[in-house]
């Protein structure tokens, strides 16, 4: 009897354990409703084939874009400080004039061929104030280049070279086609080692207020960009130009995975103006604006922080003649809302000098519209100019 009871107890234990396993892993076998998940999750479908797991190659994109990217070598004459013993005849006998004569300072960068007849897009800081500019193409040719025009406020420049045959021009990607997370390739001449391709993703779009240029709307990427890459191409995964590599954020001078490129929409607009007119013309009204912080909004009793507070008005400027005063809040330019001072600057710059445009202001809790005759933005003044 005792043995029979032991067999019965073991059978019950095994049955309960089996029931627990089935209820936990396969509850539908018991005919009951499946238990709802604790959290609703989205699960990716399994790849249809093993090929879907493979990392894509960007060899075709690189092959397409590489011929259009050039190396730029620059130099200029600089005056060396005069040695205190330069007039000593004994010193001059042993050392000659090597410490007092002019010397040449060299630099390097990259550029992108944008037309078959020799126009090249690069950064302003690569070629500004340089006496000699030489371009080395992907096929080994070295060509003298001339500056067509410069735009320091976007850090862009256009060069032109004369070649015996047509040059391989880059293909421009459609504007606004880039998304955060897209793969991009950075092509240039880092540290002068030769043409180099690095890859990464688009980390962010529309980066502003970095203090790099007057007009900023950068593409941020983690593709390695180093000294010598400036002016080179940032392409999409198909080898089409999406930006011009310009700057990096770094404490060491080398890439830390935070690089910035000028988007092709801005580069193309500036390039076309320079080729057509030799310069870039922008609108100007002569005001200084300040960002509306929550504290200022409360102090001025403003309903929102959007817009720009006019901090100063240049006497005799278009804004002064139109009646704009310090303390006014600019809320719209040409019918387009003003988000912040940077947005205001870009909207005004896009207006055509010599035309009239409507400006909406908020003054003492009231909104009013004024017509402003747009002036021409003065050239950017460098330090010491």
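The values are calculated or read from the model by the stated rules, or taken from the named source; none is laboratory data. Quantities reported herein were computed from a predicted structural model and do not represent experimental measurements. Because the Cβ atoms are built from the backbone with ideal geometry, glycine has one as well, and the counts that use them run over all protein chains shown.
Residues in the stretch 213-251 that are touching a helix residue (DSSP H, G or I) at 6+ places or on another chain (Cβ under 7 Å), surrounded by fewer than 23 Cβ atoms within 10 Å (Cβ to Cβ) and within 22 Å of residue 57 (Cβ to Cβ): 237, 238, 239.
Checked across the stretch 136-146, the condition of being in contact with a helix residue (DSSP H, G or I) (Cβ under 7 Å, 6 or more places away or on another chain) and closer than 17 Å to residue 243 by Cβ holds for no residue.
Pairs are defined by a Cβ separation below 6 Å, a sequence spacing of at least 6 or placement on different chains, a first member in the stretch 202-222 that is outside the structural domain of residue 262 (by TED's automatic domain parsing), and a second member that is in a strand (DSSP E or B); no pair meets this definition. Scanning the stretch 305-315 for residues that are over 17 Å from residue 349 (Cα atoms) and within 29 Å of the chain's Cα centre (by Cα) yields a total of 4. Looking across the stretch 54-90, the residues that are at pLDDT below 60 and surrounded by 11 or more Cβ atoms within 10 Å (Cβ to Cβ) come down to 83, 85.
Taken over the stretch 146-191, the residue count meeting the criterion of being surrounded by 15 or more Cβ atoms within 10 Å (Cβ to Cβ) and more than 13 Å from residue 112 (Cα to Cα) is 16. Applying the criterion of at least 2 residues that are within 30 Å of residue 203 (Cβ to Cβ) and without any contact (Cβ under 8 Å) to a residue 40 or more places away in the chain to the helices (runs of 4 or more DSSP H) found wholly in the stretch 245-358 leaves 264-277, 341-349. Checking each residue in the stretch 244-289 for being at positive phi and either at pLDDT 90 or above or over 19 Å from the mean Cα position of the chain (by Cα) (or both) picks out 278, 286. Residues considered: 318, 294, 358, 353. Of these, the only one that is surrounded by 14 or more Cβ atoms within 10 Å (Cβ to Cβ) and within 31 Å of the chain's Cα centre (by Cα) is 353.
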